[in-house]
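Presented below is the structure to which this report refers.
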Amino acid sequence: MSRRVTLTVLAILLLTAAGGAFIFHQYTQSRDTLIEAAERHLQQAVSDAIKEANRVLLAAVSAANQLHAADLRGLDLQEAERVFFAIASYPVLSNSQVLSVYVATTDGSFLQVQHTVPSDLFGMVPMGYDYVLRRVIRRATDRDSWYYRDKQTEEWERARAAHPEYDPRQEGWYKNAAQQQGGIWSDPYVLASSGDIGMTFSMPIVAPNGQLWGIIGVDIAGSFLSEVVRDYR
């Protein structure tokens with residue numbers, strides 16, 4: 001009787017051990033499967049985040065390249081302004097992360113397209129204004145003018161004209177690009193175009209004789225980085 005009990009106990013122990021080993025094996029497989037799935041998900045999320053970041057960064061680079069290829073330097077003033085606004089408006093309208101596109105010449109003249117109404121223009125630009133804002137600084141006439149497009153008439157109206165106190169040649173994006181042969185990204189800083197943290201891609205326009213003619217700049221919102229992390233985490 002004692003031997004039978006002993007064998008029964010041994011059998012139970014062996015079954016328990018076998019069951020435990022089976023459960024452990026199943027747990028290990030499930031754990032490995034979960035880890036592999038999590039790693040695949042993380043890799044895909046990182047890949048998607050990089051693609052989204054590149055999309056925004058490339059939009060800025062593409063806008064600058066298009067303006068550079070337009071050779072504004074070889075156009076008269078009126079035609080240069082027309083070509084600039086035709087090219088620069090599209091990236092600002094089509095990509096919410098592209099906040100502003102502009103060009104500054106060595107005499108301090110400045111052309112700009114942007115979304116945001118500056119605080120000092122509050123009350124001068126009507127609510128629900130159409131399209132984007134344009135800024136024109138002409139050193140020759142000593143005027144700094146902002147324009148918006150009226151929804152009813154579809155005409156560009158001047159919101160304000162004043163003595164130009166802003167000098168783009170004193171900005172970091174201008175000085176940095178003036179020392180480069182090609183485009184350069186700034187470190188994050190508070191953008192004049194929006195008052196928020198962002199980055200600027202800038203590129204010099206140089207005459208065939210090597211003389212600097214001006215600098216192209218494109219502002220992108222720094223918030224797109226946090227949005228990418230939020231969307232793909």
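The values are calculated or read from the model by the stated rules, or taken from the named source; none is laboratory data. Note that the structure is predicted; figures quoted are calculated from it, not measured. With ideal geometry, Cβ positions are generated from the backbone for all residues, glycine too; neighbour counts draw on all protein chains shown.
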Members of segment 63-110 found to be among the small types (Gly, Ala, Ser) and surrounded by fewer than 15 Cβ atoms within 10 Å (Cβ to Cβ), listed by number: ALA69, GLY74, ALA86, SER94, SER96
Cβ pairs under 8 Å, 6+ apart, first in segment 57-79 and modelled with pLDDT of 90 or more, second part of a helix (DSSP H, G or I) and among the β-branched types (Val, Ile, Thr): ALA63/ILE87; GLN66/ILE87; LEU67/ILE87; ALA70/VAL83; ALA70/ILE87; LEU72/VAL83; LEU75/VAL83
Subset of segment 125-161 (residues that are assigned to a loop (DSSP other than H, G, I, E, B) and aliphatic (A, V, I, L, M)): VAL125, MET127, ALA140
Residue in segment 165-173 that is under 21 Å from VAL103 (Cβ atoms) and in contact with an Asp or Glu (Cβ under 8 Å, 6 or more places away or on another chain) present: yes
Scope segment 77-136; condition within 23 Å of ASP167 (Cα to Cα) and of a type in the set (Asp, Glu); matching residues: GLU79, GLU81, ASP107, ASP120
Search result, residues across segment 200-233 that are part of a loop (DSSP other than H, G, I, E, B), at pLDDT 90 or above and either buried (at least 24 other Cβ atoms within 10 Å of the Cβ) or in contact with a helix residue (DSSP H, G or I) (Cβ under 8 Å, 6 or more places away or on another chain) (or both): ALA207
Selection count where residues are surrounded by 17 or more Cβ atoms within 10 Å (Cβ to Cβ) and under 18 Å from LEU212 (Cβ atoms), scope segment 154-168: 1
Of the criteria (1) closer than 21 Å to PHE85 by Cα; (2) assigned to a strand (DSSP E or B), which one PRO164 fails: (2)
Among residues of segment 132-167, those that are farther than 20 Å from VAL92 by Cα, of a type outside the set (Lys, Arg) and within 29 Å of the chain's Cα centre (by Cα), counted: 5
